[in-house]
Every structure is written in structure tokens, then in C-alpha cells.
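Encoded as C-alpha cells, the structure appears first; notes follow it.
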Amino acid sequence: MIATFHFARRIALATGLVLLALTSACASLAHGGHYVRVHGIRMYYELHGKGAPLLLVHGGAGNGMQFSKQLPAFSPHYRCIVPDCCAQGRTTDRKGPLTYHAMAEDMIALLDHLHVKRVDIMGWSDGGNIGLDMAMHHPERVSHLVTFGANFQPDGLNPDDVEWNNTATAESFGADMRTGWTKLNPQPEHYEEAMNKIIALWRTLPNWSLADLRAIRAKTLICAGDHDLIRLDHTAALAQAIPGAEMWIVPDASHSAMIERWEIVNPKVLEFLGR
């Protein structure tokens, strides 16, 4: 992700979704996949490894396969819980707009289903925002929180990326996104509605104040690429608002830092989670 939001989102999320989806041949249930009904959706999730629970939450318009570079490193140490969020990946949609809070509550319901009382979280982009919401509203459930490319206001992105958000439609993602999404999702005819919901989410949310962020009690690591689509000053403000949070700017990395620089990201995250 190098220049505008159009290029950034398509490369990191659309291309990541498509390539991982196609190479994984839709990830059959025999390879660790499960479904659970929560809050009116049929949520897909996978379990990998053994140990303390670690929730991995993907980026907007993506799916859990975006953590393919992390699972080999994390699963020997953690029981990795890897869901697909509402209207994304292999999970169905429900009526009404997408919100980070609703998706965070879906995650809490999934943890309840798995009898997980307390969890570490790593979230990328929208997944990081979902993790922030969980840590704010359910502080007793979140031990460690690691975010990559999260934001707490819609204008936390670079100006060109904000402008793309304000003018985009489902067609703006291009044909590859449609192909990848419809191959995975059980509601392929729902593509345009789902994509427009995601764009509306990016335009309007999140809207957290610094006071909201100060409510977070989890041990928190806020990360971004050094040429992320999230502004560096916005990332710094996010880290500064959370009590005791650390910030790490990944060198030579874009919004896709955890995929591009997995060889330094994975040890850093494991070290932080192990404290």
C-alpha cells in the first residue's frame, strides 16, 4: 500500500483476500473450520494450536486467511481463534449497518461459545478497531491487545485515503475483490450490499474520544507501517491515549505490515504477548 486509499485498500485487503482464498481452495471444514450462530449471523471460525487463547481479527473486507503468515509462528504457543467477521469471508450478514461495536459483541459471543473467559487479541486494521472496542466495553475479557493500522476516528487516514472513502462504491474495489468474496461467502448475491456497508463503516466509524480510549486496561501495543494509510500522528495519539500503551512503527512497511514484514512482526508480537 503505497499511494492512495484506492490502491492501498485494493492491494492489502482485496488482493490479500483473493489470493489467500484461491490458494486455500475455500478452506474446507476438515481443516479446522467451524460455524456458530451469534446475533443473527452464521459465523465461520477456525481453531489452531494449543495454549492460552489468542483471537486474531482480520481487516475490513477480508477474512481470517489474512493471518496465514502468523499461524505457523503463533499456533505452537497459543490456541488461535480465527473468525470471519459479519458479511465477510465465510460469515453471513444481518440486517442493518455494520458497526465495530456490533462486530466486537459478535466476538464476545464467540468467546462465550468457546468458554473463553479472557483472551489476548491481535487485530489488523478493522480487526484492530474491533479489538479496541472489546477492550473498552469488556475490560475483564481482554488481557493483551495488539493492533496494526487501527484508527479511532474516520479522519485518521491520509487525506487521499479519506477522499477515496467519501466517493467509493462497491465497484471501486474491482473485479478481483468480487471474485474472491463470492467464492467464499455463502451469500454471493449479497456482494454489493456487503461492500457498500463496509464503505459506509469506513466513512462514519469509529468515533471514539480520547476519554473512551483511556478506559482500556489491557496491556496494549499499537502498531502501524512507516508508510501506513493511517497517519503517523493519529497512530501516536491512539497509543498516547491508552494507559501504558506502547507504539511500534514497522520499518519499510505499509498498512499490510503483518503480511509484508512477518519475519519481524511475529517475534515482536510473541514477545509482547509473553510478558
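The values are calculated or read from the model by the stated rules, or taken from the named source; none is laboratory data. Bear in mind the structure is a predicted one, so any value in this text is a computation, not a measurement. So basically every Cβ, Gly included, is an ideal-geometry build from the backbone, and we count neighbours across all protein chains shown.
Take the residues in the range 232-275 that are of a type in the set (D, E, K, R) and out of contact with any Pro (no Cβ under 9 Å at 6 or more places or on another chain), then tell me which one is nearest to L132 (Cα to Cα). Among those residues, the one meeting the criterion is E246.
The single condition among (1) at pLDDT below 95; (2) farther than 23 Å from M258 by Cβ; (3) not basic (K, R) that G180 does not meet is (2). Determine whether the range 208-221 contains at least one residue that is among the aromatic types (F, W, Y), within 23 Å of G64 (Cα to Cα) and crowded, with 17+ Cβ neighbours inside 10 Å. There is no residue in the range 208-221 that is among the aromatic types (F, W, Y), within 23 Å of G64 (Cα to Cα) and crowded, with 17+ Cβ neighbours inside 10 Å. Just to check your reading of the model, which residue among E263, E193 is farther than 14 Å from L145 by Cβ and either in contact with a helix residue (DSSP H, G or I) (Cβ under 9 Å, 6 or more places away or on another chain) or not in a helix (DSSP H, G or I) (or both)? Matching residue, one of E263, E193: E193. Criterion applied to A239, A253, A215 was being aliphatic (A, V, I, L, M), assigned to a loop (DSSP other than H, G, I, E, B) and free of Cβ contacts under 8 Å to residues at least 60 places away in the same chain, and the one residue passing it is A253.
Yes/no matrix, rows are residues, columns are (1) surrounded by fewer than 18 Cβ atoms within 10 Å (Cβ to Cβ); (2) of a type in the set (A, V, I, L, M, F, W, C); (3) touching a Lys or Arg at 6+ places or on another chain (Cβ under 7 Å); (4) more than 14 Å from G123 (Cα to Cα):
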site	(1), (2), (3), (4)
D226	yes, no, no, yes
L232	yes, yes, no, yes
A236	yes, yes, no, yes
A241	no, yes, yes, yes
E246	yes, no, no, yes
A257	no, yes, no, no
N266	yes, no, no, no
E271	yes, no, no, yes
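In the range 92-109, what count of residues is obtained for those that are in contact (Cβ under 8 Å) with a residue 60 or more places away in the chain and under 24 Å from Y191 (Cβ atoms)? First the steps, then the outcome.
Start the filter on the range 92-109 by keeping residues that are in contact (Cβ under 8 Å) with a residue 60 or more places away in the chain, which leaves 92-93, 97-100, 102, 105-106, 109.
From what's left, under 24 Å from Y191 (Cβ atoms): 92-93, 97-100, 102, 106.
Looking only at that region, the number is 8.
Looking across the range 94-140, the residues that are farther than 27 Å from W262 by Cβ and touching a Lys or Arg at 6+ places or on another chain (Cβ under 8 Å) come down to P97, L98, I108, K117, P139, E140.
When the range 63-81 is limited to residues that are in contact (Cβ under 8 Å) with a residue 60 or more places away in the chain and outside any helix (DSSP H, G or I), the one that is nearest to Q187 (Cα to Cα) turns out to be N63.
Please find, among W164, W202, the residue that is farther than 21 Å from I130 by Cα and of a type outside the set (G, A, S). Talk me through it step by step, then tell me what you get.
Details: W202 fails: farther than 21 Å from I130 by Cα.
Being farther than 21 Å from I130 by Cα and of a type outside the set (G, A, S) holds for just one of W164, W202, which is W164.
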